[in-house]
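First up is the structure itself, then whatever we jot down about it.
The values are calculated or read from the model by the stated rules, or taken from the named source; none is laboratory data. Nothing here was measured: the structure is a model prediction, and the numbers come from that model. Backbone-built Cβ (ideal geometry, glycine too); neighbour counts: all protein chains shown. When the accessible area is computed, the model is the full protein with side chains, heavy atoms only, and any ligands, DNA or RNA have been set aside. Shrake-Rupley method; radii C 1.70, N 1.55, O 1.52, S 1.80 Å.
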Amino acid sequence: MPLNLGIIGAGRIGRVHANTLTTRIPAAKVLAIADIFADSAQSAAADYGIPDHSSDPAELINSGAIDAIVICSSTDTHCRFITDAAQAGKQIFCEKPIAFDLAEIDAALAAVDENGVQLQIGFNRRFDANHARIKRAIDSGEIGAPHTMMIISRDPAPPPIDYIKVSGGLMMDMMIHDFDLSRFLLGEVDEVYAIGDVKVDLAIGEAGDIDTAKVMLRFENGAIGTIENSRQAVYGYDQRVEVFGSGGAVSSGNWHPNAVTISDAGSVRRDLPLYFFVERYMDSYAAEMIAFVEAIENGASVPVVGNDGRVPVLMAMAGMRSIAENRPVKLSEVEA
């Protein structure tokens, strides 16, 4: 029997998951897609062969035919849909971040626990082949005891200002992926020290955000990490990771559309990296959704649980407080 799913949100990421679920996972069947913009839901349904569409997400949540809900709507709706879906007995996949407020997150996670359903958070970078290999190298002891970690994550261009205003800011919207990846690789973080500025577009600063940041992390195991984000790298999507340890190092570089190097009298060069996250992480988006469907079908635990969505929000809050107060901030301070 296939797992019958409904998708809430027919924007860019909703369409990514719709494509994966309808073309790459035989064990999944998408019965409906909903979006408050009816035309978006109708268009996505037509493009991906989804039988039904609606402008009312409640229709999917309350449908007796649907087993699981995939939440790809705006962040301010996540907790409400998680709670409603949990109370309706649906299994849940939700895009990051869960919310910008810890109390809202905790209420939603409590609803999941109380109703005996599962919630997987959409931190797809854990499922990237490069990151998974780095994780194995750390866990197996190939590089000895980890000493330092470096994550570089730069977008090719900033999002529209209207999006910046509702995104929660660079740390909630963009760096949250890197916060999660740092935990995935090296475990829990004790302290965050962040600096940030507006280097790309003054309008981002006028909207109350930053577009460039550097963060230092002190892990509970004693390792030290850095994360660097920029909203604009003119050469494309820049995604690099290195972990250095007592017995060696493990690292990954950017993905390119080909492996060709051109050499002539003037230079040695290659094509630019893949342009953005849809091109770079398409396989990991598929892998995370395959893992979700398989876990539900087999009665196993989903691989990225609610607390994995909560802690990066805590880290982002610590980072924003660190910038505001110009000092290191322990996660326990934000939790209190």
**Message:** Need one number: the % of Cα-Cα pairs in the stretch 87-172 sitting beyond the 16 Å mark.
**Reply:** 71
**Message:** Given a 1.4 angstrom probe, I'd like the percentage of the accessible area of the chain that is carbon and sulfur, rounded to a whole number.
**Reply:** 52
**Request:** Rounding to the nearest 20 debye, state how big the charge dipole of the stretch 129-196 is about its Cα centre with +1 on each Lys and Arg Cβ and -1 on each Asp and Glu Cβ.
**Result:** 220
**Prompt:** Just the C-alpha atoms of the stretch 1-130: what Rg/Rh do they give, with Rh taken as the Kirkwood radius?
**Reply:** 0.95
**Item:** q = 0.15 Å⁻¹, the chain: log10 I(q)/I(0) [Debye, one scatterer per Cα]
**Value:** -1.34
**Prompt:** Ordered by packing density, taken as the mean number of other Cβ atoms within 10 Å over each peptide's residues, highest first, how do 140-147, 302-309, 37-44 rank?
**Reply:** 302-309, 37-44, 140-147
**Message:** Restricting things to Cα coordinates, could you compute the convex hull volume per residue of the stretch 260-300 in Å³?
**Reply:** 70
**Asked** Taking the alpha-carbon set of the stretch 235-336, what are its Rg and Dmax in Å?
**Response** 20.1, 62
**Message:** On a straight-distance basis, which lysines could pair with K90 in a cross-link, Cα separation under 21 angstrom, same-chain partners fewer than 8 positions away excluded?
**Reply:** K29
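Identify the chymotrypsin sites (Phe, Trp or Tyr not before Pro) of the stretch 206-263 meeting these criteria: DSSP loop state and at most 12 other C-beta atoms within 10 Å of the C-beta.
Y235
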**Message:** Please list, by residue number, every one of the chymotrypsin sites (Phe, Trp or Tyr not before Pro) in the stretch 91-187 that is coil in DSSP and has at most 16 other beta-carbon atoms within 10 Å.
**Reply:** none
**Asked** About its Cα centre, how strong a charge dipole does the chain have in debye, to the nearest 20, once Lys and Arg get +1 and Asp and Glu get -1 at the Cβ?
**Response** 860
**Fill in**
Note to self: C-alpha centroids of the stretch 212-259 and the stretch 260-325 sit apart, in Å, by 12
**Request:** With the convex hull built on the Cα atoms of the stretch 143-288, state its orientation-averaged projected area in nm².
**Result:** 11.0
**Request:** Over all directions, average the projected area of the Cα convex hull of the stretch 172-247 and note it in nm².
**Result:** 6.0
